[in-house]
């Protein structure tokens, strides 16, 4: 399945720098529906 309408954001990528995680103020957090977290946990995480 092709997702040609998706665009990668310019900022927000979590990287490794000098052996440590470099997390920006607004990180990109992927969400895959049905990944086992449950709707109650996802709703709380979005707040």
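Please treat every number below as a calculation from the coordinates, not as lab data. These numbers were taken from a predicted model, which means no experiment stands behind them. When we count neighbours, we look across all protein chains shown, and the Cβ atoms used for this are built from the backbone with ideal geometry, even at glycine.
Counted residue by residue at 0.36 nm each, then reduced by the alpha carbon distance between them, the extension gain from residue 43 to residue 11 reaches 9.1 nm.
Legend: ranking of residues 6, 21 from fewest to most surrounding C-beta atoms inside 10 Å; resulting order 6, 21.
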